[in-house]
Amino acid sequence: MCGRFSFAPELKIVNEHYNITVNDGDINPNYNCTPGQLLPVISNNNPGTISKYFWGLIPFWAKDKNIGYKMINSRGETITEKMSFKNAFKKRRCLVPADAFYEWQKKSGSKEKIPYRVFLPNQPVFSMAGIWEQWKNPEGEYIRSFSIVTTSPNELMAEIHNRMPVILTKESEKQWLESDDEEGLLKLIKPYEANKMEAHRVSTLVNSPRNNSKEIIKPVKIG
């Protein structure tokens, strides 16, 4: 799964990568993006700008917003089958910008889980594949929410966890947003190349959503 990530690159890098204009104050550095937060996405209905959606997909038929906390991820293998995800996959896709994501490694013979920061060393910002929905709450307000699509792990991630987010190449971002070719879109749901990724252990500060500083992303010594 993907339960945390970070998005704190220089605005110049964001603007150049997505060919958009993000100004100071539009987005704030977030070293610990957490389910339930309003986070930056680029959706297929407004591809020229960054919008903020609730992390945790809320289907249009949901009676309660809290169902979103159970739908922070959508499995790529069943995304065309599950009622909660299949229509969004066909019609409502988005890019979830990040500069890294976190995953926890289970320690053999212990309940302890070790957090790792996973990133692309040669790419300061990248996009995770997402789907989104629009839900109307009892007060009549519309809430847009998203889920990150996940897939099986590559060789690097297999040492840490049994799932990973779908990371899109720069070339496939436009396809994910604009294509109507379901077969072609499904081909994008695959593990990213392991030799283009790195990971290092980080502090357990990341375990708490209350912690959100550069200290979280610093590597810690093992042993």
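The values are calculated or read from the model by the stated rules, or taken from the named source; none is laboratory data. Here the structure is a predicted model, which is why all the values come from computation and not from measurement. Every residue, glycine as well, gets a Cβ built from its backbone with ideal geometry; the counts of neighbours run over all protein chains shown.
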> Hey, residue 106 hits all of (1) basic (Lys, Arg); (2) in contact (Cβ under 8 Å) with a residue 60 or more places away in the chain; (3) touching a strand residue (DSSP E or B) at 6+ places or on another chain (Cβ under 8 Å) but one; which does it fall short on?
Replying inline: (2)
> Taking residue 180 and the conditions (1) within 17 Å of residue 43 (Cα to Cα); (2) modelled with pLDDT of 95 or more; (3) among the charged types (D, E, K, R); (4) surrounded by fewer than 19 Cβ atoms within 10 Å (Cβ to Cβ), which numbered condition does it fall short on, given that it satisfies the others?
Replying inline: (2)
> When segment 125-162 is examined, which residues are found to be of a type outside the set (Val, Ile, Thr), buried (at least 16 other Cβ atoms within 10 Å of the Cβ) and assigned to a loop (DSSP other than H, G, I, E, B)?
Replying inline: 153, 154, 161
>> From the list 140, 130, 76, exactly one residue is at positive phi and of a type outside the set (Asp, Glu). Which is it?
In response: 140
> If we scan segment 104-113, do we find a residue that is touching a helix residue (DSSP H, G or I) at 6+ places or on another chain (Cβ under 9 Å), modelled with pLDDT of 95 or more and buried (at least 21 other Cβ atoms within 10 Å of the Cβ)?
Replying inline: no
> Restricted to segment 71-88, and to residues that are among the hydroxyl-bearing types (Ser, Thr, Tyr) and farther than 27 Å from residue 217 by Cα, which residue is modelled with the lowest pLDDT?
Replying inline: 84
> Does any residue in segment 12-27 that is without any contact (Cβ under 8 Å) to a residue 24 or more places away in the chain come within less than 9 Å, Cβ to Cβ, of a residue that is acidic (Asp, Glu) six or more places away or on a different chain, and which pairs are these?
Replying inline: none
> Does segment 195-223 hold any residues that are in a helix (DSSP H, G or I) and among the hydrophobic types (A, V, I, L, M, F, W, C), and which are they?
Replying inline: 205, 206, 216, 217
> Just a yes or no: is a residue in segment 60-69 aromatic (Phe, Trp, Tyr), surrounded by 21 or more Cβ atoms within 10 Å (Cβ to Cβ), in contact (Cβ under 8 Å) with a residue 60 or more places away in the chain and farther than 18 Å from residue 179 by Cβ?
Replying inline: no
>> Go through (1) closer than 16 Å to residue 202 by Cβ; (2) among the basic types (Lys, Arg); (3) at pLDDT 95 or above; (4) surrounded by fewer than 20 Cβ atoms within 10 Å (Cβ to Cβ) for residue 91 and report which single condition fails.
In response: (1)
> Can you tell me which residues in segment 57-106 are under 27 Å from residue 208 (Cβ atoms), among the hydroxyl-bearing types (Ser, Thr, Tyr) and out of contact with any Ser or Thr (no Cβ under 8 Å at 6 or more places or on another chain)?
Replying inline: 69
> Among the residues of segment 110-124, which ones are free of Cβ contacts under 8 Å to residues at least 24 places away in the same chain and assigned to a strand (DSSP E or B)?
Replying inline: 113
> Of all residues in segment 193-207 being out of contact with any Leu (no Cβ under 7 Å at 6 or more places or on another chain) and free of Cβ contacts under 8 Å to residues at least 60 places away in the same chain, which is surrounded by the fewest Cβ atoms within 10 Å (Cβ to Cβ)?
Replying inline: 195
> Residue check: is residue 160 of a type in the set (A, V, I, L, M, F, W, C) and within 15 Å of the chain's Cα centre (by Cα)?
Replying inline: no
> Would a scan of segment 129-141 turn up a residue that is out of contact with any helix residue (DSSP H, G or I) (no Cβ under 6 Å at 6 or more places or on another chain), within 18 Å of residue 199 (Cβ to Cβ) and touching a residue at least 40 places away in the same chain (Cβ under 8 Å)?
Replying inline: no
